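Notes follow the structure.
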Amino acid sequence: MRGPPQAAPAPVPSGSDDWDMWRYVARRLLWVVFVLLVISAITYVIFFIMPPVNPVVLFAGKSPTPTILATVSHQFGLDKPVWEQYLLFVKHVFLGDQYGWPGLGFSFQYRESIRSLMAARLPVTASLALGAALVWLVIGIPIGVASAIKRRTLVDRLAMGFALFFVSAPVFWLGLMFLWIFWFRLGWAAGTGYYGFTTNGFGTWLNHMVMPWVVLALLYAAFYARMARGNLIETMGEDYIRTARAKGLSERRVIFRHGLRSSLTPIVTMFGMDLGGLMGGAIITETVFNLQGIGQWAYQSVGTGDIPAILAVTLVTSFAITFANLVVDIVYAYLDPRVRYS
Amino acid sequence: MIGLKRKTAGLLGMGLALALVAAACGGTSPGPSASSPTASGQPTRGGVLRTAISSFGFTGGFDPTDEYLGLAWDFYGAMLRNLVSYKHIGGAAGNALYPDLATSMPEISPDGLTYTFHLKSGIKFGPPVNREITSQDIAYAFERINDKNAGAEYGFYYDGVIKGMTGQVNGIKPVSGIETPDATTIIFHLTQPTGDFLYRLAMPATAPIPVEVAKCFPTGGGYGRFVISSGPYMIQGSQDLSLSQSCSQMVKNPISGFDPTKQLILVRNPNYAQSTDNLRSNYVNAIDIQVDANVSDIFNKVAAGTLDSSLADPPPTTTLTQYLTNPSKKPYLHSDSGDRTWYITMNLLTPPFDDVHVREAVNFIIDKAALQQAWGGPVFGQIATHIMPPIMLNNALTSSYDPYKTPGETGSLALAQAQMKLSKYDPKHDGKCDIASACTNIVMINRNYAPWSTMEPIVVQDLAKIGIQVVPRELETGAAYQTIDTTKNNIPIALNAGWGKDYADPFTFAQPLFGSAALIPVGNTNYSMVGVTSAIIKKQGLGVTIPKGLSVPSVDSLINQCEGQAGATRQQCWVNFDEYVMTKVVPWVPYLWATNLTITAPSLTKWVFDQFSGYISLTQVAVNNNISVSSLG
């Protein structure tokens, strides 16, 4: 007896694209781990094997005795062979140490776990980087687009003048000028320092972040404006744009639907890298505005020979950049169907 | 103590300033110093002293047992009390000792080996300990110093001085040379007469420490965020520290008012009784010290009145120029003796500096006036003519003693050449160093930023006049020090060196800088290798050799001689020591006795400098800013 007719097999969704993507992501994540290991090893060699200053002597007082040197060396774990120190470091990163996971050791300078110091500083840097990124996108891209559309007009010249000025203006100078004008002379802006919104309220946090955001963003906005302008002008000369116009699409639709999408793809790549880099700290902006973030910490740690802190910041920055790079590549494939995960 | 040498950023900022300031401040005398009102009105109690620093830069995590940073000692002056202490004022008077926790100065046995103190009653630890301070708490501080795990950075002031103290003990153990027969008596037994022992008892590491809290921090630096007050001020939030929690819990919950990356807020200790203390005035209700990595911002805030004073960072050029040239601002610039000597050090083991006549010639040829200008002029310090800053010798030896005097302190080719002619390196007797292998390509270590980089061409050119050709190697501060403090490097000459006192006795210069006991392979501070012998080289593994036929002078017996004396005899002994080192050993060219610069706002109504710490006196200054303590934190 024949059974009921079997339902025709449902069309198997073509999962090969998804599978490719996940394989790609997994491969890239492994690559991230490898890159971090290499970077940590290089950092280790630079700062532990051939340090510019010997941290033991630095933290043993002005007139160290051999006993003190030995004690400090032991406390810092520097009395073990370097290869053992490095393997311990890697082990602690993956499995955690006495302070938790990931184990990043303790700061020579502050005698405190790197994790807690990092946890206190990451929100500061994240606040600065994300806020500034938003500002530079909001300022930079519209200016670049306007400049490209109104090419060779006053708008274009003003826009490119803006870009030239802020590309040329050093951030430390710009920061000091902003502080002098808007805080010291006019009293419009709050002064320096970071005031977390969980402890001081959103308004206070915002007040103290606006100037750093703007100062940091102006440099990037200038770059993005120039890039957006160049890309859009190039794209608007492509054949498919001419085709779109020939089909009778409105100029607005041609620009925003067809021109802009394709011209902004390279900017996504740049944005990911820039944001990743900034998560490692914007040293100058953080210093000028007294934002105790990752960058300022790295700078101080180099000066004080706080090697575990330098190592931790290097790792975080490397991770942020490689991870951002990965995200960008994935997003890129969505934006540009010609890109495949292979 | 360690001053600002690790504050690279601040010094870089200062460096930028110097060239411009030099013109503005040449010959300009600084504003009021040591102690003076800076605004109308008498000091009143209240308000909050608001100040900032680019980085705390602690060397021992702010743990009193370990910490060797002068700035930290400034804070301890407001937080901790010792058996004897200072009035925390400026000038030579600021170096005088008075009983603090003790009822009076100690009874000292005729042989100088036993010191007996009696403690005042009614002095309590701050919250959360809240109990009376006993002699056992002071003994415990010494037991911590003696524990090798604690890493006491200046334990050498007690090791081998107090019986039973070696700094090598594993764990907290009683010290045989310290007796506490009852809660208010403490007796120290010394191994040898030590004329500056009272100064050593005024060091922060010897202030009482409550075992209830400190037991949780057996290794160096840990107690720094949990320091319990015995003085007029405590870390804000101390009262919230629970003594009932386990050590593993406590270490995770430091006192809230201190975050070494951000701030230190000191508020009044409710258990402090002013009636027990006639050394400190304690005008302000609180002290708010913020970390601000932007040095310019600190001084802008002082100018804007949102800070009452700078703290330890040297002012940037533009700021300094304004305060030096504007009569209305000048009273707010304070220049006080930093009890620090900047010097060029010469290695007694390396040619041509292994010849005393060459070293004397170098002393005569260096244009010290030009070096002072390279720093920015007299506001940055007085030209040094010998080893110890005058205040260290209670002005018994001032700049009037100048064994290498030249007109205008600009150097003298004739005098230098006359000395060079006596040297074995001048066989032609032309007043120049003639032997190429000894007189050329001599490595000179220096720092890579101003004023050191500004001084460098002056020194290079001066030395060239007498045939000494040096090759400068410029390094970052820490690297420069570590290059010259590693003996096997055998660096012939260095321009980067400076030394500040730990306490106001010349021993703190003599022993580490010229004593053979300081000679160790790494971390050596006797850069000139004074007193080195073949036996010491072998024993310590210094990795150097003594040139054949060279007899390296030693001053160990002189140091021991002075150390065993007290009072006026001791002072004269150190005067003789300084003169002997300058004329017989000649290891240095001292060129500047540095000042510390502070800028205050009009809201600071009484300015006082703390000569011991070298910074603002937190317990003697007053403000009128009406800031409330509740607004802090």
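Centroid-to-centroid, using Cα positions, segment A:253-293 and segment B:165-241 are 54 Å apart. As a proxy for reagent exposure, B:Tyr68, A:Tyr195, B:Tyr591, B:Tyr115 were ordered by neighbouring Cβ count within 10 angstrom, fewest first; the result is A:Tyr195, B:Tyr115, B:Tyr68, B:Tyr591.
For the protein assembly as shown, the residue among B:Leu550, B:Ala374, B:Gly220 whose Cα projects farthest onto the positive side of the dipole built from Cβ charges is B:Ala374.
Given B:Lys368/B:Lys538; B:Lys262/B:Lys606; B:Lys488/B:Lys584; B:Lys432/B:Lys584; A:Lys62/B:Lys488, which pairs have Cα atoms separated by over 31 Å? Violating the 31 Å limit, Cα to Cα: B:Lys368/B:Lys538. Considering every Cα-Cα pair within the protein assembly as shown, what fraction, in whole percent, is farther apart than 39 Å? Everything past 39 Å amounts to 50 percent.
Each Lys and Arg contributes +1 and each Asp and Glu -1, all at the Cβ; summed about the Cα centre of the protein assembly as shown, the dipole is approximately 2940 debye.
DSSP bridge analysis restricted to segment B:339-594 gives an antiparallel fraction near 65%, rounded to the nearest 5. The angle separating the long axis of helix A:307-335 from the principal Cα axis of greatest extent in chain A is about 10 degrees. For B:Gly381, the residues whose amide H sits under 5 Å from its own are B:Thr595, ignoring neighbours fewer than 5 places away on the same chain, with H placed 1.01 Å from N.
With the charge dipole of segment A:79-228 set up from +1 on Lys and Arg Cβ and -1 on Asp and Glu Cβ about the Cα centre, the Cα lying farthest toward the positive end among the listed residues A:Met160, A:Gly191, A:Pro170 is that of A:Met160.
What's the angle, to the nearest 10 degrees (0 to 90), between helix A:82-95's Cα axis and the longest principal axis of chain A? Tilt of helix A:82-95: around 50 degrees.
Its residue count N sets the reference 2.2 N^0.38 Å, and the alpha-carbon radius of gyration of segment A:58-217 equals 1.56 times that reference. In chain A, Cα pairs under 8 Å separated by at least six residues give a relative contact order of 22 percent.
Taking Cα atoms only, the orientation of helix B:356-365 departs from the longest principal axis of chain B by about 80 degrees. Could you give the distance between the Cα centres of segment B:485-520 and segment A:51-114, to the whole Å? Spelled out, the Cα-based centre of one part sits 27 Å from the other. Positive end of the dipole of chain A (Cβ unit charges, origin at the Cα centre): among A:Gly105, A:Thr204, A:Ala309, the Cα lying farthest that way belongs to A:Thr204. Our helix-only sum for chain A, with -39,500 (n - 2.57) per DSSP H run of n ≥ 4 divided by its residues, gives a mean residue ellipticity at 222 nm of -22000 deg cm²/dmol. Per-residue ellipticity at 222 nm, computed for chain B from helices alone with -39500 (n - 2.57) per DSSP H run of at least four residues, works out to -7000 deg cm²/dmol. Residues whose amide H lies under 5 Å from that of A:Phe106, counting only those 5 or more places away or on a different chain, are A:Ile114; hydrogens are built 1.01 Å from N in the peptide plane. Fewest-first ordering of B:Glu67, B:Glu409, B:Glu132, A:Glu251 by other beta carbons within 10 Å of each residue's beta carbon gives A:Glu251, B:Glu132, B:Glu409, B:Glu67. Here the relative contact order of segment B:339-594, from alpha carbon pairs under 8 Å that lie six or more residues apart, stands at 30 percent.
3J(HN,Hα) along segment B:63-71: 7, x, 5, 9, 5, 10, 9, x, 4 Hz, from the Karplus curve 6.51 cos²θ - 1.76 cosθ + 1.60 with θ = phi - 60°, whole Hz, x for Gly and Pro. Derived scalar couplings between HN and Hα for segment A:151-164 equal 4, 6, 9, 4, 4, 4, 5, 5, 4, 6, x, 4, 4, 4 Hz in order, rounded to whole Hz, by the Karplus curve 6.51 cos²θ - 1.76 cosθ + 1.60 (θ = phi - 60°), x for Gly and Pro. For chain B, relative contact order (Cα pairs under 8 Å, six or more residues apart, normalised by length) works out to 23 percent. Centroid-to-centroid, using Cα positions, segment B:307-331 and segment B:573-633 are 16 Å apart.
Over chain B, the fraction of Cα-Cα pairs per 20 Å bin, rounded to whole percents and listed from the shortest bin up, is 19, 52, 26, 2, 0. Note on chain A: with charges restricted to the Cβ of Lys and Arg (+1) and Asp and Glu (-1), its dipole about the Cα centre is near 1120 debye. Within chain B, DSSP assigns beta bridges of which about 75% are antiparallel (rounded to the nearest 5). For A:Lys80, the lysines whose Cα falls under 21 Å of its own Cα, not counting residues fewer than eight places away in the same chain, are A:Lys91, B:Lys148. P(r) tail, segment A:232-341: Cα-Cα pairs separated by more than 18 Å, 64% of all pairs.
The three principal axes of the C-alpha atoms in segment B:339-594 carry coordinate ranges of 48, 45, 36 Å, sorted with the longest axis first.
Each listed q (0.08 Å⁻¹) maps to a log10 I(q)/I(0) for segment A:118-335 from the Debye sum over equal C-alpha point scatterers, namely -0.35. Percent antiparallel among DSSP beta bridges with both residues in the protein assembly as shown, to the nearest 5? Here the antiparallel bridges make up roughly 75 percent for the protein assembly as shown. Coordinate range of the alpha-carbon atoms in segment B:563-633 per principal axis, descending: 59, 29, 23 Å.
No value in this document is a laboratory result; all are computed from the given coordinates. Keep in mind that what you see is a predicted model, and the values were worked out from it rather than measured. For neighbour counting, all protein chains shown are included, and Cβ atoms are generated from backbone atoms with ideal geometry for every residue, glycine included.
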